[in-house]
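What follows draws every value from the coordinates through simple rules; no lab data is involved. Quick caveat, the model's predicted, so the values are computed rather than measured.
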Amino acid sequence: MNVPQNMAHLMRAAATLLLVGSGAVQAKLPEPSPEAKAKAEEAKAKAAWSDKVAAFQLCKAQDRVATHYHKEKNSQPATVTTPACADPGPHVPPEAAAAPAPVTSVSVPPSVAQKK
């Protein structure tokens, strides 16, 4: 058995499989349905809200640690102005994208109507 020759056949076979498989990878996906888009927007909004909640909790924890530190050291906190911790409130899902209202009448400016 010639090992280098077998390795060459294996490499050619792998290259062929990669070329054949790359066509499937480049296929275009269909556009998501309106329900899928709405679900994705909901997930995006919930993730953004969760990030705000995490930042709020971190801010409160940092305030508690700073207060405890200054209490233990009997020192006055430095006069640094930082924004207060902002509570993001409860999660409010985004409104579903409303379909555009049907056009019932179109008003034509007088200048355009006279040209006809």
### Message
Multiplying the sequence separation of residue 63 and residue 31 by 0.36 nm and subtracting their Cα-Cα distance, what value in nm do you get?
### Response
6.9 nm
### Query
When the chain is fully extended, how far beyond the present Cα-Cα distance does residue 5 get from residue 42, taking 0.36 nm per residue of separation?
7.7 nm
### Summary
Under the rule rounded for a/c under 1.5, else prolate if a/b exceeds b/c, else oblate, using alpha carbon gyration tensor axes a ≥ b ≥ c, region 41-95 is classed as prolate
